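A.B. asks: I'd like to ask some things about the structure below.
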Amino acid sequence: MKTSLTNILLFFAFFSFFFVVNAQNDEWHISTTDNSDYTGIAIANGRIGMLSSKKPLEIQHVVLNNVYDVDPNLKVSQILHGMNFGNLDMYIDGEKISEDNISNWKQTMNMKEAAFTTSFSFKNKADVSCTLYALRNIQYASYIDIKVTAKKTIDLKIAGKIIVPKEYQKPTNTYQVLKDVETTMPILQSKAKSPFGKHLVSTSGTFVWHAINSSREHQRPELKHEVISDYENTLSWQQQIKKGNTLEFAWTGAQCTTKDFADPKSESERIVIYNLLNSREVLLGQHKKQWEALWEGDIIIEGDLTSQQDVRLALYHLYAFGRGDSDLSIAPMGLSLQIPYNGHIFWDTELWMFPPLLIFNQDIAGSLVNYRSDRLDKAKQRALNYGYKGAMFPWESDDTGEEATPPFALTGPFEHHITADIGIAFWNYYRVTKDKRWLQEKGFPVLKAVADFWVSRVTKNNDGSFSINNVVGANEFAPNVNDNAFTNGAAITALNYAVLAAKELNIDPDQQWTEVASKIRILKFKDGTTKEHSHYNGERIKQADVNLLSYPLNVVNDEKTILKDLKYYEPKLAKEGPAMGKSIFAVLYARQGDAKNAFRLFKDSYVPNQQAPFGALSEVATSNFSYFATGAGGMLQSVLFGFAGLEFSSEGIIQKNPILPKQWKSLTIKGVGPDKKTYRIDQ
C-alpha cells in the first residue's frame, strides 16, 4: 500500500506538535516546556492584541485595532504596532533574569479564561510565574499578574517598562504621583506620535500591590523612575523576600490614541488608576465572567482531544479578535501581527470568520456587519469613481472605508466579489437575528446598494444572458478573467437576497435585480463540470473557487455536479495555497455523507499550517505568520456546517443531515443562535 505525501506530512506535523504540547493536555489548556521552535500566541480582547514571547517576562509586540498609520514601504495604511507595555525586568540578588539562567520554563494558554501563564525557576533561589491578560472588561488595558516564591531569602528588584517603537516621533517620558485626598497614584507614562504622525499615542503603567489593596498595614515600596533612552521608560522598586514566602503583585498598562480619544494622555491615566484601585478579584473576576459568557457558544468533541484543542483554539481566537460593542471588523491576522496584509479587512471576514461567529455570538457578528454599513458612503463614492452605480466596497478596507490595497496588486481594482460577499453576510445576519429595525436602518441600504452595483456591473450578451467581465476571482492565480464562477455565483446570490430583503420590508424590489440574477452565466465544461472562468483549462488554483458555488452559495446544489466539481478541483489546489481552501471541500463531502473524506480534508485544511509550540495557524504551511484567523474560520465551518449539519435559512439556523467521523464519539454544538440551542450528534 502506498502512503501519500500529504499523509506523511500530516503525520510528522501531528507528531511534532504533540511532542511540544504534551506538558499539559486537556480540553482548555495547551502547555509547552519546549521553546526550541517557537511561534507566539495572541492574547487579545478585540481592541488590543499582544503576541507572546518565549523570553521570560516579555511579549513581542502590541497591535491596536482600527488604528492605522502608514506602511513605510508600500505607502498604504498599516495597522499600528503600539508601545510595548508588556515587558518587565526582574533581578534576583542583583542578577537579571534571562533565557540563559532559568530552568523549568513552561507556558500555558488557558483558553477558557483567556490567560497566558509563563513559569520558571531561577537557580535554587526562586520560582516565578506571570499571567498575562488582555482585559476583556477594560478594553484598552493589559494586566500581568506576578508571583515570586523565595526558596531562599532573596533581594528582588522589578522594573516595569514602556518601550516606544523606534519609528515613533518625538517621544516624551514622564513619571508622576497623582494625589486625591490621601490616595496616591504613581503613573509611568510615555507619549509619542505614530511613525508618520497620524496619531498621538499615550501609554500609562503602574504597579499594583495586592496586599496594599486588601490591607492598610502594607506600604508601597519606594519607586524609582529612570529614563533609559527616549524609547524606554522604566519604573522600579526593590524588596526582600524571606525564605518560604511569596510576593504577589501586578503590572498594568493602558494605551490610548487620538483615533479613539480627544485626550489619550488623560484617559490612559484614568484607566490605569481604575486598575490600580480595584482589587485583582474584581478586575479579573469581571474579565473571566465576560469570557464565560463568550464560551456559552462552544464546540465539544468527545473522543479526540487533539481536534478538541484545535477547534477551541480557533474559536478562542475569533472571540479574542472581535468585540460586540465596537462595530469593528477582524483582519486576516486578527490582532496578532501587523504583517502581512497591514491589518486591512478583506473578504476573509464575511466569508470565513463571520459564519461561525454568527452561529455563536450575534453581538460580535453585528459589529462585523456594522463595520461595513458605517462605510457605505465611501463604497458608494468608489462605485461612482469607477463608473458604476450602488456601492463598490474596497478589496482591502481600513478605518477610512476607502481602498487600501497596494497599487501594484490587481486585487484592488478587480476583485469585486467582496461586494457580493458583504451583501450575503448582511442577509444571513438578518435571517439569524430577525432584527427588522437593523434591516431597515442598516441592512437594506447596503443590500440595495450591492444589488444596484451588480446590475450596473454586468454586460449583456447577444443571447440575453449576462456576463461579469475582467475580474479577479477567489482563485487569484487567474487575474482579469471573464465569468469567474465564484464572482458570478456570489452576485446571483446577493441579488436574490436583496429581493428577499425588500419584500421583508414591504418594499417593491427593483425588477432588474431578479432579471439579472436569473441570467448571469455559470459556465460548464462539456461533461457538466463547472468551469472556473471562460478561458479556464485545468490550471492549478490558489484556493476553492468553483466549489464555493455549492457551499456556501447553494447555486450548484445537485449531488452529481457537486461531486464532479469536488473530484475535478481538489487535485488542482496549490500546495502553497491558504489554509482555509480545503475546509470547503470538507464541508461538501460531509454534506454528501462521506465522513472519511470530510475528516481527511478537515485535518488537511489546518494541520500542516500549525506552528509549534501551541498550534497557532499560519496562512500557508511554509510560513510562520500567525495567527491566521481566516484559517480558523474555515476549519470551524467544516465542523459547524459540515459535520454538525447546520445551515442558515429563512427559519434561522437549522440542522440537516449531520454526520460524525469515526474518530469522534460525539459532537456537541452549544449556544447556537439567539435562543442558545444545543445540538448533539452521537455515533
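The values are calculated or read from the model by the stated rules, or taken from the named source; none is laboratory data. Bear in mind that the values here come from a model prediction, so they are computed numbers and not experimental data. Note: ideal-geometry Cβ built from the backbone for every residue, glycine included; neighbour counts use all protein chains shown. Calculation scope for accessible area: heavy atoms of the full protein, side chains included, ligands and nucleic acids excluded. Shrake-Rupley method; radii C 1.70, N 1.55, O 1.52, S 1.80 Å.
Rundown of residues vs (1) charged (D, E, K, R); (2) open to solvent by less than 50 Å² (accessible area, probe 1.4 Å), yes/no style:
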position: Asn488; (1), (2): no, yes
position: Leu500; (1), (2): no, no
position: Leu505; (1), (2): no, yes
position: Pro509; (1), (2): no, yes
position: Glu515; (1), (2): yes, no
position: Asp527; (1), (2): yes, no
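A.B. asks: Restricting to the range 430-465, and then to whatever is of a type in the set (Ser, Thr, Tyr) and touching a Phe, Trp or Tyr at 6+ places or on another chain (Cβ under 9 Å), can you tell me which residue is nearest to Asn385 (Cα to Cα)?
C.D. replies: Our first condition is that a residue be of a type in the set (Ser, Thr, Tyr); within the range 430-465, this holds for 430, 433, 456, 459, 465.
Then drop every residue that is not touching a Phe, Trp or Tyr at 6+ places or on another chain (Cβ under 9 Å), which leaves 430, 456, 459.
Details: Tyr430: 30, Ser456: 13, Thr459: 19 Å.
Going through the qualifying residues, I end up with Ser456.
A.B. asks: Within the range 604-618, can one find any residue that is touching a residue at least 40 places away in the same chain (Cβ under 8 Å), over 16 Å from Val311 (Cβ atoms) and out of contact with any helix residue (DSSP H, G or I) (no Cβ under 6 Å at 6 or more places or on another chain)?
C.D. replies: Yes, because at least one residue in the range 604-618 is touching a residue at least 40 places away in the same chain (Cβ under 8 Å), over 16 Å from Val311 (Cβ atoms) and out of contact with any helix residue (DSSP H, G or I) (no Cβ under 6 Å at 6 or more places or on another chain).
A.B. asks: Here is a follow-up. Kindly provide the set of residues from the range 401-422 that are aliphatic (A, V, I, L, M) and under 22 Å from Leu447 (Cα atoms), ordered by number.
C.D. replies: Once the filter is applied, which keeps residues that are aliphatic (A, V, I, L, M) and under 22 Å from Leu447 (Cα atoms), the range 401-422 yields Ile418, Ala420, Ile422.
A.B. asks: Six or more apart or on different chains, Cβ under 8 Å: which pairs go from a residue in the range 369-384 that's in contact (Cβ under 8 Å) with a residue 40 or more places away in the chain and part of a helix (DSSP H, G or I) to one that's among the acidic types (Asp, Glu) and surrounded by fewer than 18 Cβ atoms within 10 Å (Cβ to Cβ)? Could you list them?
C.D. replies: Correct list of pairs: Asn370/Asp327; Tyr371/Asp327.
A.B. asks: A follow-up question, please. Residues of the range 225-247 being among the hydroxyl-bearing types (Ser, Thr, Tyr) and part of a loop (DSSP other than H, G, I, E, B), which ones?
C.D. replies: Tyr231
A.B. asks: Out of Ser142, Ser119, Ser129, report the one residue that is open to solvent by less than 10 Å² (accessible area, probe 1.4 Å), polar (S, T, N, Q) and either at pLDDT below 95 or in a strand (DSSP E or B) (or both).
C.D. replies: Every option except Ser142 fails the conditions.
A.B. asks: Every residue in the range 189-221 that is open to solvent by 60 Å² or more (accessible area, probe 1.4 Å), at pLDDT below 95 and either outside any loop (DSSP other than H, G, I, E, B) or in contact with a Phe, Trp or Tyr (Cβ under 7 Å, 6 or more places away or on another chain) (or both), please.
C.D. replies: Asn213, Ser214, His218, Arg220
Residue-wise test of (1) under 30 Å from Gln683 (Cβ atoms); (2) open to solvent by 10 Å² or more (accessible area, probe 1.4 Å).
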residue	(1), (2)
Gln255	no, no
Leu283	no, no
Gln286	no, yes
Ile299	yes, no
Gln309	yes, no
His317	yes, no
Asp325	no, yes
Ile345	no, no
Thr349	no, no
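A.B. asks: Quick check on the range 535-562: of everything there that is out of contact with any Phe, Trp or Tyr (no Cβ under 9 Å at 6 or more places or on another chain) and outside any loop (DSSP other than H, G, I, E, B), which residue is surrounded by the most Cβ atoms within 10 Å (Cβ to Cβ)?
C.D. replies: Per the criteria, the residue is Thr561.
A.B. asks: Also: Would you point out which residue out of Ile424, Ile468 is in contact with a Lys or Arg (Cβ under 8 Å, 6 or more places away or on another chain), touching a residue at least 24 places away in the same chain (Cβ under 8 Å) and not basic (Lys, Arg)?
C.D. replies: Among Ile424, Ile468, only Ile468 is in contact with a Lys or Arg (Cβ under 8 Å, 6 or more places away or on another chain), touching a residue at least 24 places away in the same chain (Cβ under 8 Å) and not basic (Lys, Arg).
A.B. asks: Return the residues of the range 577-603 that are in contact with a Leu (Cβ under 8 Å, 6 or more places away or on another chain) and assigned to a loop (DSSP other than H, G, I, E, B); say none if nothing qualifies.
C.D. replies: Answer for the range 577-603, where residues must be in contact with a Leu (Cβ under 8 Å, 6 or more places away or on another chain) and assigned to a loop (DSSP other than H, G, I, E, B): Ala579, Gln592.
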